[in-house]
Structure formats: structure tokens, C-alpha cells
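Data block below; observations after.
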Amino acid sequence: MSARDVGSDGETHWHEERRAIVVNAAGVGVAVAAYGVSFGAISVTGGLTVLQTQLLSALMFTGGSQFALVGVLIAGGGLASAVATSVMLGFRNAFYALAMAPVLKVHGLRRLVAAQLTIDESTAMAVGRSVEHDGGRASRLAFWATGISVFVFWNLATLLGALGANALGDPRIWGLDAAIPAGFIALVWPRLSDRRSWTIGLTAAAVALVLTPLLRPGVPVLLTAVVAVAAGVLAVRRRAES
């Protein structure tokens, strides 16, 4: 087989892989859209305007943090605790950015755009397409395609939910009030992979349950972070002693 044939086969393979990546990215965006409709409806029925709701999706653009912010505000918590809770949940994106920086290799304005699109879905797709011999182009395409797809569908879905909130009536009839706790469970569940993570999760949940009747909405969630910090300190000490 000639070098030309090998190159042709390589381009054909890349064309097929590129198509598969784009199709998968679009599928992820569509799947996330249902979640976005829930957010839009809950946000507006909770007291935010359509514009405020849309700005949250466009500028914050991290589902768990958006639900946390709106959930605390609806429950009667203060703005400070609502923002702090959402920031704490979104902090994981900073670690994603550290992992993706060597792959994306972007600068200037593209770096700001990449930071906005660094979410669970885009990072997972990029990592899943990581191949050493292709120079990272599959990972980069997976990241950009997924990030853009989720951003577009999420914002369209948010607008749809926000505009249709009045027609929906009481969100509890449709089960939309369960979207906030369900979203948190969806975020945490995949990470409960061993006894240690289960112990931390259950302990944090117990702390939140005990403190909820005593403190303002949002504050118990923030204080559960102490459980994770304590577990981290103990793990470091154990490794140092071993």
C-alpha cells in the first residue's frame, strides 16, 4: 500500500470520526435541553423575569449552579448565600479548565470562549475522544462541538421554559419542583463510587438535614463543605503517616 493510500485511509477515518463526534455532540445538547426547560420554568415561576433567567443561562451557564442559585432564592435565602452556593458548585469547572488547557491551547478571545464552554459535558466528551497519535484534534473537536451544542440548546430550552412558565401554572403539578434536588442527585451520584465517597455524601446530607430547620436556606449547603474539607485533611494525614 502506498503512502498516498495510507493518507487517504487516514482522512476517510477522520471524516467518519468527525461526523460521529458532531452527531454525538448534538445528541448531548438535545438531551440537556429538557433540563433547561425545567430551569426556565422554575426560575420564572419563582419570581425571576424572563430576561434575568436568560442571562443566568447565557452568562453563568452551568446547570447545577443555576438551579442552586434559583433554588436558594425561591426558598427565601439571601442573595449572598445563593451566590456562594452556586459558586461552590461551579468551582469544579476550574479543575476542568486546568485539565483541558494543554489540549485546547487557546489564547486571547478564544480562551475566554473556551472558559465559558468548559462544563461537565464538553470536558467528558473531550476526554473520551483523547487519542495520543492524532495530536488532540479529536478531543478539541469534541470539546468545541459539545460545548457549543449544549450552550445553544440549553439557552433555547431556557427561553422556551421561561416563556411557557405562565401556561404551565403550578410547577409542582408537572414535577418541576423536583428538578432542583434531582439535579443535585444527578451531579453527585456518579461520584459515589466507593465506601469513602458514600460516607462523605451521607455525612454531608445528615449535616444539611440537621441544620436546615435552624438556618436560612442555602447556608446548610455551604456548611456541608466542611465535611468534605475534613475528609480531605484526614486523607492527607493518613497518606503522610503511611
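For this structure, a couple of remarks:
- Fully extending the segment from Ala97 to Ala58, taken as 0.36 nm per residue of separation minus the present Cα-Cα distance, adds 12.2 nm.
- Label-to-label distance, Thr12 versus Met88, with points set 7 angstrom from Cα along the beta-carbon direction: 5.6 nm.
- Segment Ser130-Leu156, length gained on full extension (0.36 nm per residue, minus Cα span): 6.4 nm
- Taking label positions 7 Å along the Cα-Cβ direction at both Leu202 and Gln116, the computed distance is 4.4 nm, reported to one decimal.
- Ranking of Glu11, Glu121, Glu17 by count of other Cβ atoms within 10 Å, fewest first: Glu11, Glu17, Glu121
- Region 1-102: chymotrypsin sites (Phe, Trp or Tyr not before Pro) in DSSP loop, at most 13 other beta carbons within 10 Å: Phe91
- Among 21-28, 100-107, the order from most to least packed when residues are scored by Cβ within 10 Å on average: 21-28, 100-107
We did not get these values from a lab; they are worked out from the coordinates using the rules stated. Bear in mind the structure is a predicted one, so any value in this text is a computation, not a measurement. Positions of Cβ are generated from backbone atoms using ideal geometry, with glycine treated the same way; all protein chains shown enter the neighbour counts.
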